[in-house]
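A short write-up of the structure that comes next.
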Amino acid sequence: MSMSGRPAPPPYPPPQAGEGKLISPPVRAGQGKEEAAVEITGLHKWFGEFHVLADINLKVGRGERIVICGPSGSGKSTLLRCINRLEDFQRGEIVVDGMALTRDVRRVDAIRREVGMVFQHFNLFPHLTVLENCTLAPIQVKGMPKRKAEEHAMHFLERVKIPEQAGKYPNQLSGGQQQRVAIARALCMSPKLMMFDEPTSALDPEMVKEVLDTMVALALDGMTMLVVTHEMTFARQVANRIVFMDAGQIIEVNEPAPFFASPQHERTKLFLSQILH
Amino acid sequence: MDAPTAAAAPTTESAALAYVRTAPAAAVSPPLATAGVLAWLRERLFPNLSSSLMTIVIVLLLIWIVPPLIDFLIVNATWTGSDREACLATAERPVAGACWAFIGDRFAYLMYGSYPIAGRWRVDLFFAMLAFGTAWLLWLEAPRRDLGAVYFFAVLPVTSFVLLHGFEAIGLPVVDTALWGGFTVTIVVAAVGIVVSLPIGIVLALGRRSELPAVRLLSTLFIEFIRGVPLITVLFMASVMLPLFVPESWSPDKLLRALVGVALFSSAYMAEVVRAGLQAMPKGQYEAAHALGLSYWQTLRLIILPQALTVTIPNIVNSYIALFKDTTLVFFVGIFDFLKTIEVARADPNWATPVTSATGYVFAALVYFVCCYAMSRYATGIEKRLSTGERR
């Protein structure tokens, strides 16, 4: 498809964001329903006494790409992990695709089926082949017939450009390949939202690009994405909005161009001056 | 990204500092270490004075022990004969060695105990089925090992019971367990311990890691109580106390009581082995499975247990070896296991000679050694496989 031999990524649909309100999602053309992909209101989370997330409000529109950045320990990963309930939270509300996240196990499972997640350390299943990694959840969770799940998986492995590795075990692949398998594995569940938790932080420098390219291609296809990353080039290129977090709070939200050109909050300015040398 | 500019021509001043490779390094085989038998001997056996002395002492020790042992077990041994006369020292043969004729004569008793001769094919069939199931499970490349597990953990126990105990409806006469004996009983006790302890151990290990306090407390209590008590105590409790808990008319079979005791005991140990394996699983595996929408039980069955059990195979086998030898203790609650049949056979007046007891015990040691060493070798093989990178 459009993925191979692409010299420079074509322009992304410009978000037609409303002025002033930082938290409103851009309304994209051709979207009938106004339901957000994710809507987080008044979210608070404590680890014991430690207030790890404080008063988080964020609305992610369908098809929107949001990059979350901030210093380590600022609660970025925890926020992602609250959305698919890998972490519990004490106060507030998260609505994913119209479903409110409750403690009800069935509801949690239903939401997890809609939300794909890619981890920093890949977390592939080492005892299963690449293909089995990709077909496991569709077969077990969705009840897809094995043959169909394999075709489906091969389709996504082709999209991340490693169909020839389908029969290998994860430990036989490079880090970049493993992370692409992890992306394919999440895509096999046909999620409505993809979350990336520092997907390139554990990779050798030479392998970062292949993973980012895969993510750019995914963005081009209109996938709703929530990405925690320090890859500012990627953020500039792909994000509709950038969320900056510190000390468990959202400090600033803006579109990439103004975010980098004229950050408003002092903390944001400091952070950007540290990472953009 | 910028193209690397390192290949630019160095200026004359920095020529000594800069470097550009013009041809790839040639592949060279590694230097030969010390070679030859003599070099090996010197390096391994006589590298310095203290090691040389140690080598000499050990060689002397072996010279002192091994030849008499060979004399007794093989050179002077009696291989044929029908009663004690064959194994006695005579004028022509002043030193009598091991009396293998005795083992040969009583071999059937050592294997089957008092199991009726007409029904011994049932025991043989049981052995064959057990060997088949064991091979299926232990051979990691075997086809359909999931079916193998079903066979081993579900089909085998039922058919073994029908075969050994009998089932009148299909024409197999019932053989009272009081007649069972010898190696058969040892294998039955060990097999029941092995087959039962793994699933119960897994359940207990999961229970001990459960988030539900009641489940966790019960599992922990059970494990710690059983582990804090010697097996012989558990066996006595099972054989004396079990009848108190069930209706009198239902009075459980003596062998069954011992089996329950052994199974409970080995389950508690297995639980700790499995728990160690579960703890070795990275949290990311659970998270990835949950993020994909797999339920708790699916995560356990498909992701966690296959990996946790594979890493713990050496430890599991280690427990099995301990269990196999511990089965000898059932003889204290009146069960005719292999060791007990040796005890009985060696007291047989037909074979009473000065060497009968020694021969019997040597034979017992050999049998236990062969079984345990086989298990140990298997565990070592698995361990090697796991450590040599090809981690599946």
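The values are calculated or read from the model by the stated rules, or taken from the named source; none is laboratory data. Everything numeric in this text was worked out from a predicted model, so none of it was measured. Every residue, glycine as well, gets a Cβ built from its backbone with ideal geometry; the counts of neighbours run over all protein chains shown. The accessibility values were calculated without ligands, DNA or RNA, using every heavy atom of the protein model including side chains. Shrake-Rupley method; radii C 1.70, N 1.55, O 1.52, S 1.80 Å.
The one condition from (1) buried (at least 22 other Cβ atoms within 10 Å of the Cβ); (2) more than 19 Å from A:Phe119 (Cα to Cα) that A:Thr224 does not meet is (2). The sole residue among B:Leu305, B:Leu294, B:Leu259 that is crowded, with 22+ Cβ neighbours inside 10 Å and within 11 Å of chain A (Cβ to nearest Cβ) is B:Leu294. Among the numbered conditions (1) open to solvent by less than 60 Å² (accessible area, probe 1.4 Å); (2) over 20 Å from A:His44 (Cα atoms); (3) in contact with a Gly (Cβ under 9 Å, 6 or more places away or on another chain), tell me where A:Gly92 comes up short. Here A:Gly92 meets the rest and fails (2).
Give the stretch A:167-188 a look and list any residue that's in a loop (DSSP other than H, G, I, E, B) and open to solvent by less than 10 Å² (accessible area, probe 1.4 Å), or say none. Can you show your working first?
We begin by selecting, within the stretch A:167-188, every residue in a loop (DSSP other than H, G, I, E, B); these are A:167-169, A:173-174, A:188.
Scanning the stretch A:167-188 gives a single hit, A:Cys188.
Report whether or not B:Val311 is over 30 Å from B:Cys87 (Cβ atoms), assigned by TED's automatic domain parsing to the domain that holds B:Met375, touching a residue at least 40 places away in the same chain (Cβ under 8 Å) and surrounded by fewer than 22 Cβ atoms within 10 Å (Cβ to Cβ).
Details: over 30 Å from B:Cys87 (Cβ atoms): yes; assigned by TED's automatic domain parsing to the domain that holds B:Met375: yes; touching a residue at least 40 places away in the same chain (Cβ under 8 Å): yes; surrounded by fewer than 22 Cβ atoms within 10 Å (Cβ to Cβ): yes.
So B:Val311 passes the test.
Across the stretch B:215-237, what is the number of residues that are open to solvent by 70 Å² or more (accessible area, probe 1.4 Å) and either more than 23 Å from B:Asn318 (Cα to Cα) or touching a Lys or Arg at 6+ places or on another chain (Cβ under 9 Å) (or both)?
5
Within the stretch B:266-276, the residues that satisfy the criterion of being within 18 Å of the chain's Cα centre (by Cα) and either open to solvent by less than 20 Å² (accessible area, probe 1.4 Å) or of a type in the set (A, V, I, L, M, F, W, C) (or both) are B:Ser266, B:Ser267, B:Ala268, B:Met270, B:Ala271, B:Val273, B:Val274.
Just name the residue that is farthest from A:Leu131 (Cα to Cα) out of those in the stretch A:154-183 that are small (Gly, Ala, Ser) and within 13 Å of another protein chain (Cβ to nearest Cβ). Talk me through it step by step, then tell me what you get.
Narrowing the stretch A:154-183 to residues small (Gly, Ala, Ser): A:166-167, A:174-176, A:182.
Right, trim to within 13 Å of another protein chain (Cβ to nearest Cβ) and you get A:167, A:182.
Values: A:Gly167: 6, A:Ala182: 11 Å.
Step by step, filter the stretch A:154-183, then rank; the result is A:Ala182.
Restricted to the stretch B:29-59, and to residues there that are part of a loop (DSSP other than H, G, I, E, B) and at pLDDT 80 or above, the residue that is least open to solvent (accessible area, probe 1.4 Å) is B:Leu45.
Scanning the stretch A:189-202 for residues that are on the phi < 0 side of the Ramachandran plot and open to solvent by 20 Å² or more (accessible area, probe 1.4 Å) returns A:Lys192, A:Ser201, A:Ala202. The residues on offer are B:Ala289, B:Ala365, and the sole one that is surrounded by fewer than 18 Cβ atoms within 10 Å (Cβ to Cβ) and either under 30 Å from A:Arg107 (Cβ atoms) or out of contact with any strand residue (DSSP E or B) (no Cβ under 6 Å at 6 or more places or on another chain) (or both) is B:Ala365.
In the stretch A:197-210, which residue that is more than 12 Å from chain B (Cβ to nearest Cβ) and touching a residue at least 60 places away in the same chain (Cβ under 8 Å) is farthest from A:Cys134 (Cα to Cα)?
The first filter runs over the stretch A:197-210 and keeps only residues more than 12 Å from chain B (Cβ to nearest Cβ), leaving A:198-201, A:203-204, A:207, A:210.
Then drop every residue that is not touching a residue at least 60 places away in the same chain (Cβ under 8 Å), which leaves A:198-199, A:201.
On the way: A:Glu198: 21, A:Pro199: 18, A:Ser201: 22 Å.
Result: A:Ser201.
Considering the conditions (1) within 21 Å of A:Glu64 (Cα to Cα); (2) open to solvent by less than 50 Å² (accessible area, probe 1.4 Å), A:His230 is excluded by exactly one of them, (2).
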